[in-house]
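Shown next, in structure tokens, is the structure this report addresses.
The values are calculated or read from the model by the stated rules, or taken from the named source; none is laboratory data. Computed from a predicted model, the values in this text were never measured in an experiment. When we count neighbours, we look across all protein chains shown, and the Cβ atoms used for this are built from the backbone with ideal geometry, even at glycine.
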Amino acid sequence: MIEKLRTNDTLIMVAFTAMVLLGPIILAPFGAGYPDLLQRFAIFGIFAVGFNILFGLTGYLSFGHAAFLGVGSYMAVWSFKLLSMSVIPAILLAVALSGAFALVIGFVCLRRSGIYFSILTLAFAQMCYNLAYSVLTPITNGETGLKVLSSDPRIFDGVHEGGQLPLPSLLGLRMNDTWRGEFLGMDVQFNVGFYFCALLLILAFYISLRIFRSPFGLMLRAIRTNQNRLNYTGINTRPYALSAFVISGMYAGLAGGLMACTDPLAGAERMQWTASGEVVLMTILGGVGTLIGPVLGAGFIKYFENIFSKINDNVLSGFLDFLPEQLREVVVWIGGAFVGEGWNLTLGLLFMIIVIFLPGGLVEGFNRIIAWFTRPKGGDKATARVPAE
């Protein structure tokens, strides 16, 4: 059954779709069923899936994908300011502009490979961050960030009248509209913004699946395996790598647009190198080159960020109330560096442990567990192969 699920694309899509759409119910027992966190799961899942198309298939490691994330956010907010509060044109424009931007950057950066490619993408991202932060303030509003105002001259909606700011909407439903229900005694929240992000995550995953199974995806794997050999055979690999780079950039722009749809604000901080590094961690933690791995990595990081970032010294002291006072103060002093604002230290430790013991990421861990439970009784002797005579 497990092997059939791995190779049957229909079963993969059905299982993935069911898990995503039932997210509010599945994650409620773990304290992760509220809309804001669910939206982040879906948005960064899209970001990581797109990054995996470039890094997982071609082997090109980009440290500049935050630039496309920021471009998508700014484009979506400008769509809200100038066109309409509808999320559909905002998403379409965010994806289109990010793709065009990725085409320009990719055309330059893909003239080099390896560490030189990574440095070039990082340099472009930092240039974009500085431009958004200081130079292009009439477009980006600098360090304050670009936000929606009631006085914005929206062509299709007109100037909003009323005390509250207009909110992004989809077919008349606002992104923050939420319906509450009860399931097995748990409070379950069904949010419009999450399900909009979830549907786009399912679509993004399906496109990624088709790329992985296509001849185009096979060519991208060949580039990762031995690009020089392909060049010696007369195959021009640059158009394939550039296509992967543009597709990956469009995924990042989609994620940035969704960030603006769920929270109509765009700031230069989304273009910082830390955002690019975060998606690299998500992909490696989940499993580079796997289909579901980047989504798992994104959920893993965002879930633990939500937990550890909310713990402060007082909360930690309450957890350790059973210890003697002096010992508790020492433990709180040491442990306080790994929670709250220092939760990235905990993330770093988790990353080191997973990379050392599970080089294939969380997907490799799940595969080991499944293999352990499904192996035939009798151990290795029962499955040992008889040598040919």
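Only residues that are surrounded by 12 or more Cβ atoms within 10 Å (Cβ to Cβ) and without any contact (Cβ under 8 Å) to a residue 24 or more places away in the chain were counted across segment 178-198, and they come to 1. Look through segment 281-311, keep the residues that are in contact with a Phe, Trp or Tyr (Cβ under 6 Å, 6 or more places away or on another chain) and of a type in the set (S, T, N, Q), and return whichever of them is farthest from residue 20 (Cα to Cα). In this case the residue turns out to be 309. Is it true that residue 104 is among the β-branched types (Val, Ile, Thr) and assigned to a strand (DSSP E or B)? Spelling it out, it is not the case that residue 104 is among the β-branched types (Val, Ile, Thr) and assigned to a strand (DSSP E or B). Would you confirm whether or not segment 47-69 contains a residue that is aliphatic (A, V, I, L, M) and more than 15 Å from the chain's Cα centre (by Cα)? Yes, the conditions are met somewhere in segment 47-69. Take the conditions among the aliphatic types (A, V, I, L, M) and buried (at least 21 other Cβ atoms within 10 Å of the Cβ) and apply them to residue 201. Does it pass? So residue 201 passes the test. The C-beta contact set for segment 161-177 (first residue surrounded by fewer than 13 Cβ atoms within 10 Å (Cβ to Cβ) and of a type outside the set (A, V, I, L, M), second residue in a loop (DSSP other than H, G, I, E, B) and at pLDDT below 80, distance under 8 angstrom, 6+ apart or interchain) comprises 161/150; 162/150.
Going by the conditions given, is residue 131 closer than 22 Å to residue 77 by Cβ, free of Cβ contacts under 8 Å to residues at least 12 places away in the same chain and touching a helix residue (DSSP H, G or I) at 6+ places or on another chain (Cβ under 9 Å)? Criteria met by residue 131. Only a single criterion out of (1) surrounded by fewer than 24 Cβ atoms within 10 Å (Cβ to Cβ); (2) not in a helix (DSSP H, G or I) is not satisfied by residue 20, namely (2). When the criteria are applied in full, residue 227 fails the requirement of being under 22 Å from the mean Cα position of the chain (by Cα) and of a type in the set (S, T, N, Q). Against the criterion of being outside any loop (DSSP other than H, G, I, E, B), of a type outside the set (A, V, I, L, M, F, W, C) and surrounded by fewer than 18 Cβ atoms within 10 Å (Cβ to Cβ), residue 98 does not qualify.
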